[in-house]
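Q: Sending over a structure as structure tokens; questions will come in a sec.
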Amino acid sequence: MKAEITITQLTKVFPTGLFRTKTAVDNLTLEIPKGEVIGLLGANGSGKSTTLKMLLGFLRPTKGEIRVCGVRSGTRASRALLGYLPENPRFQRFLTGKDILLYFGKLYGMDGKTLHTRTDELLEVVGLGKAGAERVQGYSKGMTQRLAIAQSILNRPRILVFDEPMSGLDPLGRIEIRELIGRLHTEMKETTIFFTTHILSDVESLCSFVALLKKGKLEVFCPIRELLDQDCEHYEVTTTELSAASRNQFLAGSAFENSPLGTTFSVKGTEALTEILEGIKKAGAKVVSLNSKRQGLEEALFSDRVQLSSLISKGATP
């Protein structure tokens, strides 16, 4: 699949004092496929925001380049292809939601009946149909965020760049924005959505690809399904009537817990599970429960079991 965003050997160095510098992004190379939802992860200072600013043309790279649909980033042509949602959007508080969209529509070169129809349509899409006539000063954080999303898709961009779209929202607001992004991806099939977040559950539910930055370097880039599939064959087994001798034989060196229900332990892999179940049967013990455990994104990214180096730039072309 053709890449919508191509990042090649991107580096950004900031001066921090006399003869001192800091490398915020270090030789980053990445291809973002078309029509996918990509989550950009990393700790504070990992280079996420700097990367987005260079993509949007707010900063110039020290070295390397970014191309948006083949066009160099930072140009007027590349900006026309992008829709942007900042982490903390701000609007003129004395204007109504509809006034805001009309204002930005005119900046995009839209006018007349087309602009008014598009504005009314988007207010409904983001759930602000009735609130569109209200002044922005009365909007909640979630309403402001939804208005900013409407503004970002006003000109039907090919790429949406969302910086911490769920930041500062209460649980209900987070759910609403997450569902809205999901609907946008479903309805705007050709549009690529590239967003940063610290909330791994949102990435797991929304994204098809995940990229992890660490100290400005690319640590992981792969389809999220591939990342979650790693080491997923984990099973939790609870047995009763298992003697101490049998337990020591089957679980030598393995962690287990004793509870009123029995002895509970984890097994990795179907072959090991089959072997242990046969041993339990021969020992005359009983299996009370058997559960398959699927690791989450947090475990997949930060567990010592996972060899992240094997996933660098993997799956750039789905």
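The values are calculated or read from the model by the stated rules, or taken from the named source; none is laboratory data. These numbers were taken from a predicted model, which means no experiment stands behind them. Positions of Cβ are generated from backbone atoms using ideal geometry, with glycine treated the same way; all protein chains shown enter the neighbour counts. SASA here: full protein model, heavy atoms, side chains in, ligands and nucleic acids out. Shrake-Rupley method; radii C 1.70, N 1.55, O 1.52, S 1.80 Å.
Q: Once you have a ≥ b ≥ c as the square roots of the Cα gyration tensor eigenvalues for the stretch 113-257, tell me rounded if a/c is under 1.5, and otherwise prolate or oblate according to whether a/b is larger than b/c. Display every interim value, and only then the final one.
A: Details: a/c = 3.33, a/b = 2.49, b/c = 1.34.
In terms of gyration-tensor shape, prolate.
Q: For the chain, give me the percentage of DSSP beta bridges that are antiparallel, rounded to the nearest 5 percent. Let's see the in-between values first.
A: On the way: 41 of 58 bridges.
Among the beta bridges of the chain, antiparallel pairing accounts for roughly 70 percent.
Q: Over the chain, with every protein chain in place, what whole percent of the accessible area is carbon and sulfur at 1.4 Å, could you tell me? Could you put the intermediate results ahead of the total?
A: On the way: 8300 of 16540 Å².
Carbon-and-sulfur percentage of accessible area, whole number: 50.
Q: Label 7 Å along Cα→Cβ of Val13; the stretch 54-82 residues with amide nitrogen under 16 Å?
A: 60-65
Q: Rounded to the nearest 0.05, what FRET efficiency is calculated for Glu65 and Glu190 with R0 set to 35 Å and r the Cβ-Cβ distance? Please report the intermediate quantities before stating the final value.
A: Numbers: r = 24 Å, r/R0 = 0.68.
For R0 = 35 Å, the calculated efficiency reads 0.90.
Q: Dipole of the chain, Cα-centred, from +1 at each Lys and Arg C-beta and -1 at each Asp and Glu C-beta, to the nearest 20 debye?
A: Once rounded to the nearest 20, the dipole reads 1420 debye.
Q: What FRET efficiency, computed as 1/(1 + (r/R0)^6) with R0 = 45 Å and r the Cβ-Cβ distance, is obtained for Thr21 and Glu236, rounded to the nearest 0.05?
A: Details: r = 50 Å, r/R0 = 1.11.
For Thr21 and Glu236, the calculated efficiency is 0.35.
Q: If I model a spin label as a point 7 Å beyond the Cα along the Cα-Cβ vector, how far apart are those points for Arg72 and Glu134 in nm?
A: So the two model labels end up 4.6 nm from each other.
Q: Once label points are set 7 Å from the Cα along Cα→Cβ at both Lys141 and Thr117, what is their separation, rounded to one decimal in nm?
A: Using points 7 Å along Cα→Cβ, the separation is 3.8 nm.
Q: Can you give the FRET efficiency for Asp170 and Ser289, using 1/(1 + (r/R0)^6), R0 = 41 Å, r = Cβ-Cβ distance, to the nearest 0.05? Walk me through the numbers on the way to the answer.
A: On the way: r = 36 Å, r/R0 = 0.89.
The formula returns an efficiency of 0.65 here.
Q: Hey, can you grab everything whose amide H is under 5 Å from the amide H of Leu160? Only 5+ residues off in sequence or another chain; H modelled, so Pro and N-termini drop out.
A: Distant-sequence amide H within range of Leu160: Gly83, Thr192, Ile193, Phe194.
Q: Indicate the gyration tensor shape class of the stretch 140-219 (rounded, prolate or oblate), computed on the Cα atoms with a ≥ b ≥ c the square roots of the eigenvalues: a/c under 1.5 is rounded; otherwise a/b larger than b/c is prolate and the rest oblate. Write down the numbers at each step before the final one.
A: Values: a/c = 1.68, a/b = 1.19, b/c = 1.41.
Oblate.
Q: Kindly give the semi-axes, whole Å and largest first, of the ellipsoid equivalent to the stretch 1-140, taking each as the square root of 5 times a Cα gyration tensor eigenvalue. Before the final figure, lay out each step's value.
A: Numbers: eigenvalues 235, 73, 40 Å².
Whole-Å semi-axes of the equivalent ellipsoid: 34, 19, 14.
Q: Can you give the Rg and Dmax of the chain based on its C-alpha atoms, in angstrom?
A: 24.9, 83
Q: Using 0.36 nm per residue of separation minus the Cα-Cα distance, give me the extension gain between Ser205 and Lys2 in nm, one decimal.
A: On the way: separation 203, 0.36 × 203 = 73.08 nm, distance 2.39 nm.
Length gained, Ser205 through Lys2: 70.7 nm.
Q: Express the relative contact order of the stretch 44-165 as a whole percentage, based on alpha carbon pairs under 8 Å and six or more residues apart in sequence. Let's see the in-between values first.
A: Details: 141 pairs, mean separation 40.2, N = 122.
Computed over the stretch 44-165, the figure is 33 percent.
Q: A further question on this structure: To the nearest 500 deg cm²/dmol, what mean residue ellipticity at 222 nm is calculated for the chain from DSSP H runs of n ≥ 4 alone, each contributing -39,500 (n - 2.57), summed and divided by the residues?
A: On the way: 11 runs with 106 residues, N = 318.
Here the helix-only value at 222 nm equals -9500 deg cm²/dmol.
Q: Just the accessible area per residue of the stretch 6-81, please: how many Å² with a 1.4 Å probe? Intermediate values should be presented prior to the final figure.
A: Values: 3860 Å² over 76 residues.
On a per-residue basis, the stretch 6-81 sits at 51 Å².
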